[in-house]
Amino acid sequence: MFFSVVIPTYNRLPILQKCLRALENQQFDTDLISDYEIVVVDDGSTDATISWLDTKKANLPHVRLFTQNHRGAGAARNLGVENAVGEYIIFIDSDLVVTESFLQSHAQALITAENKLQSDLIFTYGAVINTCNFDNPTSEPYKITDFSAAYFATGNVAIKKKWLIEAGMFDTMFSQYGWEDLELGVRLKRLGLKLIKCPSAVGYHWHPPFNLEQIPQLIEKEIERGKMGVLFYQKHPTYEVKMMIQMTWLHRLLWGILSLGGSLNEKTMKPLLQWLINQGKPQLALEIARIFLNWYNVQGVYDAYKLSKNT
């Protein structure tokens, strides 16, 4: 096997450095994996990402850098796949730090599944553990909130390049936050690809500890996710997609009740959230903030859907 690890990045240099160093430290059976490359696609970063990569070429022998204007993660992944030389593509995000057995785990799971099923209509999906520990991200234990029921998500997935091409790659109409990977997953499922769980291929998804200054950006992301969710539904108008994007009366009722019709919001919940942060519980504060963040998402979905009907 030859792997191409495709990583889109945008203004994430400090954690990207840890991401790439972990990937350069892979240990694997050379009878199973011949070699690998790390295809980094810079999506128009304005920080020192490109200059750092240029100066560290000797320390990052597997890295190949490509650049584009800021067009979003989907377009960046497409550029990475188009330039990848590997038969197998692994997608991770630039804020993911993997263990040294990461490639070996994906390779072994792929080979085992192909032999068992006598088919290469498969892809492997590794584990993603969320952490805000920047100094030692791989020390975080697995939590129930790390569980994902997604069919195809690009946080940690390995797949043959030919299936991505046959499915049509990522739709660059998803230019804002959310859904471009799950939408591609719908098309992969129609091709008959089977999801193979690979919990030993572990990636630690780093994000800064939650604080109140992040709330406006988080709200904006939820509104964008609502807009992109409507685009997802317009492409695939099924009940399954409606459930995924929270465009049902059930979701509207649920988050309406939990947020007391929007009265539990970033303003009214500010004292509680700040108290939890002061107590050293930023993750719990974020989970509670999801009450109003989900309400913004549901409202964003319905607002975007109404606008699409009027245009």
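Considering only C-alpha atoms, what is the centroid distance from the range 65-109 to the range 132-181, in Å? Going from one Cα centre to the other spans 10 Å. Relative to the dominant Cα principal axis of the chain, helix 282-309 is inclined by about 80°. Derived from the Cα gyration tensor, the three semi-axes of the equivalent ellipsoid of the range 188-311 are 28, 23, 12 Å, largest first.
Compute, for the range 201-245, the length of the dipole vector about the Cα centre, with Cβ point charges of +1 (Lys, Arg) and -1 (Asp, Glu) only. Units Debye, rounded to 20. The partial results should precede the final answer.
Details: 5 positive and 5 negative charges, 43 e Å.
Dipole of the range 201-245, to the nearest 20 debye: 200 debye.
Probe radius 1.4 Å, ligands and nucleic acids ignored: give me the carbon and sulfur share of the accessible area of the chain as a rounded percent. Intermediate values should be presented prior to the final figure.
Numbers: 8190 of 14790 Å².
Of all accessible area on the chain, carbon and sulfur atoms account for 55 percent.
Please give the helix 13-23 orientation as an angle from the longest Cα principal axis of the chain, in degrees from 0 to 90, rounded to the nearest 10. Helix 13-23 sits roughly 40 degrees off the main axis of the chain. Considering only alpha-carbon pairs that sit under 8 angstrom and 6 or more positions apart, the relative contact order computed for the chain is 18 percent. To the nearest 10 degrees, how steeply does helix 102-117 sit against the main Cα axis of the chain, on a 0 to 90 scale? For 102-117 against the chain, the angle is about 80 degrees.
Report D for the range 1-57 in µm² per second (integer): Stokes-Einstein, Kirkwood Rh on Cα pairs, 4 °C, 1.567 mPa s.
Stokes-Einstein gives a translational diffusion coefficient of 104 µm²/s.
Of the residues Thr238, Pro216, Ala84, the one whose Cα sits farthest toward the positive end of the charge dipole of the chain, with +1 on the Cβ of Lys and Arg and -1 on the Cβ of Asp and Glu, is Thr238.
Where nothing but the Cβ of Lys and Arg (+1) and of Asp and Glu (-1) is charged, how large is the charge dipole of the chain around its Cα centre, in debye to the nearest 20?
960 debye
For the chain, what is the Kirkwood hydrodynamic radius in Å, using each pair of distinct C-alpha atoms? Let's see the in-between values first.
Details: mean 1/r = 0.0486 Å⁻¹.
Answer for the chain: a Kirkwood hydrodynamic radius of 20.6 Å.
From the largest down, the range 248-311 spans 47, 20, 17 angstrom on the principal axes of its Cα atoms.
What do you get when you divide the Cα radius of gyration of the range 153-228 by 2.2 N^0.38 Å, with N the number of residues?
Working: Rg = 15.4 Å, N = 76, 2.2 N^0.38 = 11.4 Å.
Taking N as the residue count of the range 153-228, the ratio is 1.35.
Surface exposure of the range 175-311, expressed per residue as accessible area with a 1.4 Å probe, stands at 54 Å². For the range 58-175, dividing the convex hull volume of the Cα atoms by the residue count gives 157 Å³ per residue.
Taking only the alpha-carbon positions of the range 20-123 and ignoring solvent, what does the Debye formula give for the base-10 log of I(q)/I(0) at q = 0.10, 0.12, 0.17 Å⁻¹? For the range 20-123, the Cα-only Debye profile gives -0.33, -0.47, -0.89.
The values are calculated or read from the model by the stated rules, or taken from the named source; none is laboratory data. Computed from a predicted model, the values in this text were never measured in an experiment. Counting neighbours? That spans all protein chains shown, and the Cβs are built from the backbone with ideal geometry, glycine included. Note: areas computed on protein heavy atoms with side chains; ligands, DNA, RNA excluded. Shrake-Rupley method; radii C 1.70, N 1.55, O 1.52, S 1.80 Å.
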